[in-house]
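Below: one structure, written as structure tokens.
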Amino acid sequence: MQRGAAEDRADEKLQRVRYEFVQRVSEEMINQLLDKLLKDGVLKNEEKDSVCEKNPTRTNKARSLIDAVIRKGHEASMKMIAHLESEDPTLFQQLGLSSAQPSQSAGRKKKICPSEEEPACKRPQRQDKPDGVKSGKTQSQDLSEKQLLQVAQQLGQEWKQVAIYLGLETKDLEDIEAAENCVKMRKLKMLVKWKRRRKSAQATAYHLQKSLEAMEDLPHEVHEILTDMIDNQAAK
């Protein structure tokens, strides 16, 4: 079994500590991580520039950085965790991350016992369920139509691609276009159709974000608004 379990993936670990990372990481540490991840080849020059230039505040810059790394998957996230451990051990411990280096975890078998990793990763004010369940993130309330409208407003011409990634078919899109003239409402109805096809508690901001993570043309604003919704729910 590849990496044993979902909780053993580095990108999942970063997703779990994302909120705390954004709140705690310093501007200096963000810049160090950007430089090291650029050197590692995890980030491209334009991606580093985008994080720095499009995010005027520290929290926005931190959020943009960790989201960019998470989207790149396990290997990229593992490198970021390793840099956090070596460059800022205090923050590393505060986030409850485990070492990304095999030599520091007794050879580290493919599967890590959840009981060894979960307690440190939990943040009482945000999480009270096992990591694999993602606590407030996957088990929160489904997105409301108002929230779906907020997402729809961030979509451009790529909204039909979004529909395909969400499992809708071209026939669904044709039906929506035939029934609705307003483009904004077409986008909303597309998202509502996705929600109605999901089981209860399976149409959350986390699930929508997860379904679209492989879409390269997804506007950054969509990812931002979804992650903000996830954070707001987790903070409750």
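Can you find a residue in region 223-236 that is among the basic types (Lys, Arg) and not in a loop (DSSP other than H, G, I, E, B)? Taking every residue of region 223-236 in turn, none turns out to be among the basic types (Lys, Arg) and not in a loop (DSSP other than H, G, I, E, B). Scanning region 53-68 for residues that are among the acidic types (Asp, Glu) and more than 19 Å from His83 (Cα to Cα) yields a single hit, Glu53. Checking each residue in region 163-196 for being farther than 14 Å from Glu145 by Cα and surrounded by 13 or more Cβ atoms within 10 Å (Cβ to Cβ) picks out Ala163, Ile164, Tyr165, Leu166, Leu168, Asp172, Leu173, Asp175, Ile176, Glu177, Glu180, Val183. Considering Ser105, Ser135, Ser98, Ser115, the condition of being touching a Ser or Thr at 6+ places or on another chain (Cβ under 6 Å) and modelled with pLDDT under 90 is satisfied by Ser105 alone. Take the conditions at pLDDT 65 or above and either in a loop (DSSP other than H, G, I, E, B) or closer than 13 Å to Leu33 by Cβ (or both) and apply them to Ala76. Does it pass? So Ala76 fits the description; yes.
I'd like to know if region 74-87 contains one or more residues that are closer than 22 Å to Tyr206 by Cα and exposed (fewer than 15 other Cβ atoms within 10 Å of the Cβ). For region 74-87, residues closer than 22 Å to Tyr206 by Cα and exposed (fewer than 15 other Cβ atoms within 10 Å of the Cβ): present. The selection criterion, being of a type in the set (Lys, Arg), over 24 Å from Ser98 (Cβ atoms) and without any contact (Cβ under 8 Å) to a residue 40 or more places away in the chain, holds for Lys61.
Filtered by the rule that a residue be among the small types (Gly, Ala, Ser) and buried (at least 19 other Cβ atoms within 10 Å of the Cβ), region 18-70 gives Ala62, Ser64, Ala68. In region 138-172, of all residues being assigned by TED's automatic domain parsing to the domain that holds Glu213 and among the β-branched types (Val, Ile, Thr), the one that is nearest to Leu212 (Cα to Cα) corresponds to Val162. Scanning region 161-181 for residues that are touching a residue at least 12 places away in the same chain (Cβ under 8 Å) and more than 11 Å from Leu218 (Cα to Cα) gives Ala163, Leu166, Gly167, Leu168, Asp172, Leu173, Ile176. If I filter region 13-20 for residues that are modelled with pLDDT of 90 or more and of a type in the set (S, T, N, Q), do I get at least one hit? Checked against the condition, which is being modelled with pLDDT of 90 or more and of a type in the set (S, T, N, Q), region 13-20 yields no hits at all.
The values are calculated or read from the model by the stated rules, or taken from the named source; none is laboratory data. Predicted model, so just to flag it, every value in this text is computed and none were measured. Backbone-built Cβ (ideal geometry, glycine too); neighbour counts: all protein chains shown.
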